[in-house]
Amino acid sequence: MKLTKGDKILIVVLVIFSLFFAYYMSTVDKGIEGKYVSVQINGKEINKIPFSDEIIGEKLEVETEFGRNVLEFGDNEVKIIEASCLDKLCIKQGTITKVGELIVCLPNRLVIEIKHDNSNSQIDNVIF
């Protein structure tokens with residue numbers, strides 16, 4: 001089967017469009033204000049930490065009756081660097097940066113989630 005000149009142009013246009021769309025989607029929430037880290041133990045939010053320049057490089061120790069975890073904050077990102085659980089899967093989940101992403105440590109009943117404060121935002125929740 002031979003591709004015509006029109007087929008080749010269509011393929012190039014679709015590839016370019018796909019690249020622009022992928023770039024847009026990867027940067028869509030980087031400038032959103034009101035992002036924060038929700039620290040939840042056993043289904044209850046125990047801490048709400050807004051992203052700011054002051055928390056970059058900071059560590060937060062979360063110790064409960066279920067276990068111990070240490071969080072490290074970066075520039076609009078968070079990760080678990082230490083955990084008392086045996087499997088350490090929460091550490092292997094890596095860094096989260098986008099609204100809706102989360103890290104779960106089941107043995108310690110810990111959930112770390114990036115959320116957005118929608119109280120003064122024009123952005124629709126459907127985006128996230």
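So here's what we get for this one:
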| quantity | calculated |
| --- | --- |
| Crossing angle, helix 5-27 versus the chain [Cα axis fit, 0-90 degrees, rounded to tens] | 20 |
| Residue pairs, from the table LYS59/LYS88; LYS88/LYS115; LYS59/LYS92; LYS44/LYS92; LYS79/LYS115; LYS35/LYS98, whose Cα atoms sit over 20 Å apart | LYS88/LYS115; LYS44/LYS92 |
| Reference-scaled alpha-carbon Rg (2.2 N^0.38 Å with N residues) for the chain | 1.42 |
| With every protein chain in place, segment 59-121: carbon and sulfur % of accessible area (1.4 Å) | 46 |
| Segment 1-102: trypsin sites (Lys or Arg not before Pro) in DSSP loop, at most 11 other beta carbons within 10 Å | LYS2, LYS30 |
| Rounded Å value of the spacing that divides the Cα centres of segment 86-100 and segment 1-80 | 12 |
| Per residue, in Å², the accessible surface of the chain once ligands and nucleic acids are set aside, probe 1.4 Å | 69 |
| Highest-fluctuation residue, SER52, SER84, SER18 considered, GNM on the chain with Cα pairs under 10 Å | SER18 |
| GLN93 paired with THR27, simple spin-label distance in nm, labels 7 Å along Cα-to-beta-carbon | 2.9 |
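The values are calculated or read from the model by the stated rules, or taken from the named source; none is laboratory data. Note that this is a predicted model, so its numbers are computed, not measured. Virtual Cβ from ideal backbone geometry, glycine too; neighbours counted across all protein chains shown. Surface accessibility is based on the protein's heavy atoms, side chains included, excluding ligands, DNA and RNA. Shrake-Rupley method; radii C 1.70, N 1.55, O 1.52, S 1.80 Å.
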